Amino acid sequence: MGALALKILREPINLALFRRPLGQVYIIPERCKECGFCWSFCPMDVLERSDQFNPNGYRYPRVKPGKENDCINCKMCSLICPELAIYTVEVS
Amino acid sequence: MSSGLPRPGVHFMMGNFACVEAAILAGCRFFAGYPITPSSEIFERACVRFPQVGGIAVEMEDEMASVAALIGASYAGAKAMTATSGPGFSLMMENIGLAFIMEAPIVIVNVQRAGPSTGIPTLIGQGDVMQARWGSHGDLETVVYAPSSVQEFFDLTIRAFNTAERLRTPVIVLADQLVGLMWEKVVIPPAEEIEIVERKVMDPRLLSTRLPFDYSADVNPMPIVGTGCRVNIDSLTHDERGYPTTSQEVSDRMLRYLLGKIRNHARELWMYKEFMTDDAEVVVVAYGSTARSALNAVKQARSRGIKAGLLQLITIWPFPSDVIERLSQRVNVLVVPEINFGQLVHPVREHAKCPVIEVNWAPGSLIEPNVIVDAVEVAAA
Amino acid sequence: MTQVVKAQRHPRDRLLRSERLPHIWCPGCGIGIVMAAYADAIEASGIPPEKHVCISGIGCTGRVSGYMHLDSFHTTHGRAIAFATGLSLVRPDLEVTVISGDGDICTIGGNHLIHAARRNVDINVIMVNNFNYGMTGGQHGGTTPLGAKTYTSPYGNFENPFNIPYLVAAAGASFVARWTTLHVRQLINAIKRMMSVEGFAFIEVISPCPPTFGEFNNFPEALDMMEYFRKHSVVDHNADLSKIDIRLQGEPLVVGNFVDRRRPSYQELIQETIRRASGRGEGI
Ligand SMILES: Cc1ncc(C[n+]2csc(CCOP(=O)(O)OP(=O)(O)O)c2C)c(N)n1
Ligand code: SF4
Ligand code: SF4
Ligand code: SF4
Ligand SMILES: [Mg+2]
């Protein structure tokens with residue numbers, strides 16, 4: 001019984017049947033304090049520290065070059081940002 | 001089914017009980033307390049009576065919590081009160097300051113007992129006069145009424161609620177053990193004859209065009225929770241939006257507004273009674289239970305040919321300075337008896353245009369009239 | 001897709017006094033995460049914002065109330081729960097949430113905390129535990145782990161801290177949870193759950209405080225603390241609460257929704273008393 005359940009669970013997913021969501025990253029640069037949470041905890045490694053300073057001297061995030069289509073709109077960055085400085089919106 | 005309201009008419013009642021009946025008539029429906037002699041009868045009776053009129057009376061874990069709960073209840077729209085005595089009053093100082101800066105109308109009854117710290121719980125004192133005015137840190141003003149009889153305790157409790165509601169500020173009824181525990185005649189007027197003041201409430205629609213705190217106003221209307229005002233109410237010095245600020249200029253504006261609510265209304269707040277002062281040369285200035293001994297003393301002095309009179313101060317804070325100034329210009333001496341070692345005598349002396357003699361009596365019992373008579377005789381000589 | 005789009009407003013701004021942002025908290029402070037989670041939970045609760053009340057005591061965390069665009073109160077140090085008790089007794093229909101620091105809630109306010117839990121007052125309490133008094137520059141309090149260095153424990157803390165969920169559960173709360181600032185989704189769900197629990201609902205949120213605690217305790221960057229949460233957190237909703245104290249020595253950091261039970265709330269019992277007593281006044 002246990003073995004059967006395991007077998008079913010391990011059935012490989014047919015990726016072609018799933019649509020992967022695509023997210024657009026929005027940032028409010030003035031609010032960022034460069035804590036690094038967003039780029040550290042993005043599961044798709046989409047974000048990085050930019051070289052742009054906001055008026056308070058913090059370098060806010062940007063999407064890594066070449067990763068423009070990698071955001072899956074999981075919202076981790078917006079949940080973990082202590083400054084309400086970043087969020088994403090799903091695009092179709 | 002009865003309304004639960006006290007029956008109008010003549011009653012024979014304990015001061016502490018009369019206070020509760022008055023609170024109910026004033027519209028108070030929230031009591032949070034912590035028991036302490038000699039005020040516990042207020043709390044106990046509130047626990048019986050408040051639920052009968054649909055009100056809430058709860059026991060908190062200490063007096064800091066009691067006053068914090070009152071302010072919360074007040075912002076929820078209720079008229080709220082507590083009762084305590086010296087040690088509890090000390091713990092209340094923190095949140096009396098909070099009620100002041102948050103502009104929460106609440107009523108605190110202090111049935112004073114004897115001595116510092118735990119002192120003598122069962123006996124009388126008048127040692128909290130300065131604390132009632134100056135006990136909470138920073139710059140604040142309090143309104144303090146001192147009853148000398150059960151009837152006054154009743155009347156002043158209603159007045160305390162009215163003042164609190166009108167000025168959006170904490171008001172203290174500074175009773176004492178004698179007034180609290182004494183049984184006496186009290187006349188309860190029909191409800192429709194009692195003047196009841198209700199606070200001005202903020203209309204949330206106005207907040208799109210005005211700020212919640214207008215420091216040039218007399219008293220701002222109160223934003224009540226759950227009505228859509230969504231205003232920040234802060235214990236930090238705050239600006240006209242209710243936001244914390246460290247601006248000295250805003251701090252000045254805010255404090256002038258808060259203090260002004262009481263200072264600008266001082267003359268309406270002052271209550272006092274005069275007995276035989278018309279031709280008096282020596283006037284005794286007394287408050288609370290001491291006014292009872294003082295009246296007896298003044299009568300005795302008159303029978304000995306001394307032109308004595310009594311000024312009973314009912315409002316002791318804001319201090320009725322003009323009353324003292326005016327009276328002291330036409331009498332020779334003021335005599336100030338207190339059941340402490342000198343408290344209200346200080347502002348009396350500050351404002352008097354004539355010599356002031358103090359009569360101090362160790363906390364524990366009422367000052368005997370003959371002690372005051374002796375002082376009046378010395379003053380007259 | 002473009003790289004990033006610069007924006008002026010955040011979707012949560014309608015629940016915040018966004019004109020006051022950026023807030024006062026340090027870079028990497030976890031309080032902002034908790035505040036945003038609270039805003040998310042309000043949004044998800046289905047209860048309109050004007051029916052939510054946010055009450056704080058004093059401290060860095062105590063500043064949350066001032067940023068929430070709700071009926072909000074920034075009270076005195078330690079007294080937020082007592083304040084909330086009075087308010088919610090008069091308006092039991094409102095959703096009252098206290099958000100404050102560990103020092104505020106469980107040290108200076110510890111007595112109010114246990115009594116509110118014992119009475120099962122129907123309010124929500126979110127306590128942000130950063131293991132120290134952040135606002136006053138980093139002193140130890142009732143949650144500082146044994147041995148931890150702060151300005152008032154320069155040789156290492158010689159006090160044992162409270163195990164808060166254990167304490168609050170023992171005192172009688174209806175709902176008790178612990179999450180970290182890394183477990184944001186679970187935190188939002190727990191806050192949302194608190195809003196439907198009748199009775200005292202409590203969440204301890206473990207949070208980084210880099211400058212005044214982390215600095216002296218091997219977490220100089222906020223990310224170090226977050227990384228510690230990631231490595232050591234163990235979700236166990238059925239944990240033995242007596243064994244979940246936090247030492248920050250690499251032991252499992254147990255998180256979860258530990259207690260969720262139905263007990264009559266203080267408000268319910270008081271309303272019942274009023275029903276029994278009302279109209280009984282003989283009119284003296
Ligand atoms: C009665 C009183 N004592 C002391 C203080 C000073 N004080 C302000 S905040 C604070 C500690 C706050 O610590 P915590 O609640 O843990 O909040 P945090 O800043 O860590 O978020 C203290 C001691 C005060 N405001 N009031
Ligand atoms: S939504 Fe998720 S995937 Fe997209 S940037 Fe944010 S964390 Fe990364
Ligand atoms: S999480 Fe927020 S504050 Fe931190 S770096 Fe990213 S955008 Fe900036
Ligand atoms: S001192 Fe600590 S708690 Fe306070 S804002 Fe900074 S990181 Fe946050
Ligand atoms: Mg703290």
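The values are calculated or read from the model by the stated rules, or taken from the named source; none is laboratory data. Quick caveat, the model's predicted, so the values are computed rather than measured. Quick reminder, even Gly has a Cβ in these numbers, built from the backbone with ideal geometry, and neighbours come from all protein chains shown. Surface accessibility is based on the protein's heavy atoms, side chains included, excluding ligands, DNA and RNA. Shrake-Rupley method; radii C 1.70, N 1.55, O 1.52, S 1.80 Å.
Output yes when any residue across segment C:156-174 is open to solvent by 10 Å² or more (accessible area, probe 1.4 Å), outside any loop (DSSP other than H, G, I, E, B) and either within 15 Å of ligand 5 (Cβ to nearest atom) or among the polar types (S, T, N, Q) (or both), and no when none is.
no
Would you say B:Leu259 is more than 22 Å from B:Ser148 (Cα to Cα), under 26 Å from the mean Cα position of the chain (by Cα) and of a type outside the set (Lys, Arg)? Working first, answer last.
Numbers: more than 22 Å from B:Ser148 (Cα to Cα): yes; under 26 Å from the mean Cα position of the chain (by Cα): yes; of a type outside the set (Lys, Arg): yes.
Here the answer is yes, as B:Leu259 does meet what is asked.
Would you point out the residue of segment B:147-166, among those that are of a type in the set (Gly, Ala, Ser) and farther than 17 Å from B:Ile262 by Cα, that is nearest to the chain's Cα centre (by Cα)?
The selected residue is B:Ser148.
Could you tell me which of the residues B:Ile233, B:Ile188, B:Ile194 is surrounded by 21 or more Cβ atoms within 10 Å (Cβ to Cβ) and more than 25 Å from C:Leu15 (Cβ to Cβ)?
Unique residue meeting the criteria: B:Ile188.
Give the residue, chosen from A:Leu84, A:Leu79, that is within 12 Å of ligand 3 (Cβ to nearest atom), farther than 15 Å from A:Phe41 by Cα and facing chain C (nearest Cβ under 7 Å).
Details: A:Leu79 fails: farther than 15 Å from A:Phe41 by Cα.
None of the other options fit; the residue is A:Leu84.
Being assigned to a helix (DSSP H, G or I) and either under 22 Å from B:Thr142 (Cα atoms) or touching a His at 6+ places or on another chain (Cβ under 8 Å) (or both) is the filter; apply it to segment B:304-333 and report the residue that is most open to solvent (accessible area, probe 1.4 Å). Explain how you work it out, then say what you get.
Going through segment B:304-333, the residues assigned to a helix (DSSP H, G or I) turn out to be B:321-328.
The next check asks that each one be either under 22 Å from B:Thr142 (Cα atoms) or touching a His at 6+ places or on another chain (Cβ under 8 Å) (or both); those that pass are B:321-325, B:328.
Numbers: B:Ser321: 21, B:Asp322: 44, B:Val323: 5, B:Ile324: 0, B:Glu325: 60, B:Ser328: 3 Å².
Within segment B:304-333, the match that is most open to solvent (accessible area, probe 1.4 Å) is B:Glu325.
Which numbered condition in (1) in contact (Cβ under 8 Å) with a residue 12 or more places away in the chain; (2) in contact with a helix residue (DSSP H, G or I) (Cβ under 7 Å, 6 or more places away or on another chain) is the only one that B:Pro51 fails?
Answer for B:Pro51: the failing condition is (1).
Go through segment C:138-149 and count every residue that is open to solvent by less than 10 Å² (accessible area, probe 1.4 Å) and not small (Gly, Ala, Ser).
Qualifying residue count, segment C:138-149: 3.
Taking B:Ala352 and the conditions (1) open to solvent by less than 50 Å² (accessible area, probe 1.4 Å); (2) over 20 Å from B:Arg267 (Cβ atoms), which numbered condition does it fall short on, given that it satisfies the others?
Tallying (1) open to solvent by less than 50 Å² (accessible area, probe 1.4 Å); (2) over 20 Å from B:Arg267 (Cβ atoms), B:Ala352 fails exactly one: (2).
When C:Val4 is evaluated against the numbered criteria (1) away from ligand 3 (no atom under 16 Å from the Cβ); (2) of a type in the set (Val, Ile, Thr); (3) more than 15 Å from the chain's Cα centre (by Cα), which criterion, by number, is the only one it fails?
C:Val4 satisfies every listed condition except (1).
Pick out, from segment B:15-124, the helices (runs of 4 or more DSSP H) lying fully within it that include 3 or more residues that are within 20 Å of the chain's Cα centre (by Cα) and more than 11 Å from chain C (Cβ to nearest Cβ).
B:15-26, B:40-52, B:86-102
Can you find a residue in segment C:212-225 that is modelled with pLDDT of 95 or more and within 30 Å of C:Ser88 (Cβ to Cβ)?
Looking through segment C:212-225, none of the residues is modelled with pLDDT of 95 or more and within 30 Å of C:Ser88 (Cβ to Cβ).
Confirm whether A:Pro61 is within 16 Å of ligand 1 (Cβ to nearest atom) and at pLDDT 95 or above.
no
Among the residues of segment C:3-60, which ones are β-branched (Val, Ile, Thr), open to solvent by 20 Å² or more (accessible area, probe 1.4 Å) and within 7 Å of chain A (Cβ to nearest Cβ)?
C:Val4, C:Val5
Say we look at segment C:206-219 and pick out the residues that are away from ligand 3 (no atom under 15 Å from the Cβ) and touching a helix residue (DSSP H, G or I) at 6+ places or on another chain (Cβ under 6 Å); which of these is farthest from C:Pro145 (Cα to Cα)?
Going through the qualifying residues, I end up with C:Phe219.
Would you check if there is a residue in segment A:63-74 being open to solvent by less than 40 Å² (accessible area, probe 1.4 Å) and either within 8 Å of chain C (Cβ to nearest Cβ) or in contact with a His (Cβ under 9 Å, 6 or more places away or on another chain) (or both)?
yes
Does A:Glu30 meet the test of being open to solvent by 60 Å² or more (accessible area, probe 1.4 Å), more than 16 Å from ligand 5 (Cβ to nearest atom) and under 26 Å from C:Glu43 (Cα atoms)?
yes
Name the residue that is farthest from the other protein chains (Cβ to nearest Cβ), counting only residues in segment A:41-62 that are open to solvent by 50 Å² or more (accessible area, probe 1.4 Å) and under 24 Å from C:Thr181 (Cβ atoms).
Going through the qualifying residues, I end up with A:Asp45.
Across segment C:61-76, which residue is farthest from ligand 4 (Cβ to nearest atom) among those that are open to solvent by 10 Å² or more (accessible area, probe 1.4 Å) and within 16 Å of C:Arg20 (Cα to Cα)?
C:His69
Of all residues in segment C:77-90 being touching a residue at least 12 places away in the same chain (Cβ under 8 Å) and open to solvent by 10 Å² or more (accessible area, probe 1.4 Å), which is nearest to the other protein chains (Cβ to nearest Cβ)? Full working, then the answer.
Taking segment C:77-90 as the starting set, the residues that turn out to be touching a residue at least 12 places away in the same chain (Cβ under 8 Å) are C:77-85, C:87-89.
If we keep only those that are open to solvent by 10 Å² or more (accessible area, probe 1.4 Å) as well, we get C:77, C:79.
Values: C:His77: 9, C:Arg79: 4 Å.
Among those that are touching a residue at least 12 places away in the same chain (Cβ under 8 Å) and open to solvent by 10 Å² or more (accessible area, probe 1.4 Å), it is C:Arg79.
Would you pick out the residues in segment B:242-268 that are open to solvent by 10 Å² or more (accessible area, probe 1.4 Å) and in contact with a strand residue (DSSP E or B) (Cβ under 7 Å, 6 or more places away or on another chain)?
If the condition is that a residue be open to solvent by 10 Å² or more (accessible area, probe 1.4 Å) and in contact with a strand residue (DSSP E or B) (Cβ under 7 Å, 6 or more places away or on another chain), then B:Tyr243, B:Pro244, B:Thr245 are the ones that fit.
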